[in-house]
Structure formats: structure tokens, C-alpha cells
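Take a look at the structure below.
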Amino acid sequence: MAVQISPSILAADFARLADEAAAVPNADWLHVDVMDYHFVPNLTLGLPVVEALRKATSTPLDCHLMIEDPDRWAPQYAEAGAGSVTIHAEAAKAPVRTLREIRALGARAGLALNPATPVEPYEDLLGELDMLLLMTVEPGFGGQKFLDMVLPKIRRARALAERHGGRIWVQVDGGVDAETIGRCAEAGADVFVAGSAVYGASDPVAAIDELRAAGARASRVT
Ligand code: DX5
Ligand code: ZN
């Protein structure tokens, strides 16, 4: 599988989101961090902004819901046209139902795990998933330092995904840059969220190319 780069608009200028989406034409996805002040101590944006962004760009939206009660809200993001909707395992009360609803509405279904949440308890859910998101920082803010402690879990997640047919993507999110992306790719990640490393760069297009090349060099996935 090819390396995919999903720039996080959390690091973009929220007053110019359409321009910021257009600034990364070589992105595979646009990562949209939805935060509710409850699941994480930060507040960002919600459905109306996702609906507007959907109309403003042809890049598929990768919605990462850091919210409580994702069972109630996640299907609406799929309805709004998100290409991928990821809910947190720590917040979902009926993940099977919610993941099925996301898929039934035509989006890819993702399950996110915080750094301290093990992946093994979710093995039986893998058949319901298109992507596992492993947080490589505590969720809530951009610009944090990458947590190397998550690397063994990336390896274990990749092994589980392979055992289940190899169609599940393993995404990493938090502190991913041209240096840390190699470690993640080597451990088996194949979709890389990058906020500061893309939107903090003077040339976001070149930054994405550089991340993609570094990820591909280290990738164990062909
Ligand atoms: C953090 C968000 C990330 C964030 C990553 O909770 O989920 O998507 O934007 O930002 P960087 O790449 O700057 O660590
Ligand atoms: Zn995110």
C-alpha cells in the first residue's frame, strides 16, 4: 500500500480554510479535528464547517472526532460527505452500531486509540473497521512531541491488520514530521496525519512531498 498523507487543518488558518485546503493539492486527505471541550480540553469545529469545507475542496475529508457521544454524532459527518469518519474507542458506547452506520452512509470507518489504550481488546472489531488511528500524542492540541512509546503498538496493530486480511489502514496522528515519520512507517503505519509539519512549513506542498518520500523509504508495506 502506498504512503498516504493527511494534513491536519488544526494547524491551518481557520479564517481561510478553503485557501488552506487548496494549498495542499498533493494531499491524499484533509484531516479535520473535531473537538468538543469534553472529550479533550479544546474546542475546534463541527458539522457546519465540515459541510462548508466539503463544498470548498475536492480533497476527501478525514474527520477525526475527539468528542463525547460519537455514537450520536458520527453518522452525521458521514452524511455530510466525509470520506472517512473516525471515532474514539474511549468515547464510543456502541462502536459496532456506529461503525456500521458510518459505512452504510458510504464513508470509511475508523477507530482511534489514545496512547495509553491498548489495541488488543479491539481485535474482534477489526471486521467493522477500515482504519485504526493510533494517537502518537495525547489528543487535544497540535504541535506536541511525538511519543515513541506508541511504536510497539503500531507494530502490534499492523500485525493484527495483516492477520485480518491486510485491508485495514493504520494511521498515526501527533508529532509526525520528516524525522518521526520514518519510525512510524517502519513500524507499519501507512496513513500519516501531519499538522505543524505541513502547515507550519513555508512550502506545504514540498513538505508533503518530503513526508511522503521519507515514509516510503522506511515503509515495510509494499
Ligand atoms: C491532536 C490532533 C492532531 C493534530 C496533529 O489531537 O488529533 O490531528 O492536528 O498536529 P501535529 O501534527 O502538529 O502534532
Ligand atoms: Zn487528529
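The values are calculated or read from the model by the stated rules, or taken from the named source; none is laboratory data. From a predicted model like this one, the values you see are computed outputs, not experimental measurements. Methodologically, a virtual Cβ is constructed for each residue, glycine included, from the backbone with ideal geometry; neighbour enumeration extends over all protein chains shown.
Structure notes:
- In region 50-72, the residues that are under 18 Å from ASP36 (Cα atoms) and in contact (Cβ under 8 Å) with a residue 12 or more places away in the chain: VAL50, GLU51, ASP62, CYS63, HIS64, LEU65, MET66, ILE67, GLU68, ASP69, PRO70, ASP71
- Test: residue in region 128-141 that is modelled with pLDDT of 95 or more and in contact with a Cys (Cβ under 6 Å, 6 or more places away or on another chain): no
- Exactly one residue out of VAL24, VAL96, VAL32, VAL40 is out of contact with any Ser or Thr (no Cβ under 9 Å at 6 or more places or on another chain) and crowded, with 16+ Cβ neighbours inside 10 Å: that is VAL40.
- Tally, over region 133-157, of residues that are free of Cβ contacts under 8 Å to residues at least 60 places away in the same chain and within 10 Å of ALA189 (Cα to Cα): 5
- Selection count where residues are within 13 Å of ligand 1 (Cβ to nearest atom) and either of a type outside the set (Ser, Thr, Tyr) or buried (at least 23 other Cβ atoms within 10 Å of the Cβ) (or both), scope region 190-219: 13
- Selection within region 123-163 - in contact with an Asp or Glu (Cβ under 8 Å, 6 or more places away or on another chain) and away from ligand 2 (no atom under 16 Å from the Cβ): ARG156, LEU160
- Selection of first residues in region 97-124 that are under 20 Å from PRO139 (Cα atoms) and of second residues that are within 16 Å of ligand 2 (Cβ to nearest atom) and assigned to a helix (DSSP H, G or I), restricted to Cβ pairs under 8 Å at least 6 apart or on distinct chains, gives the following pairs, ordered by first then second residue: PRO115/VAL150.
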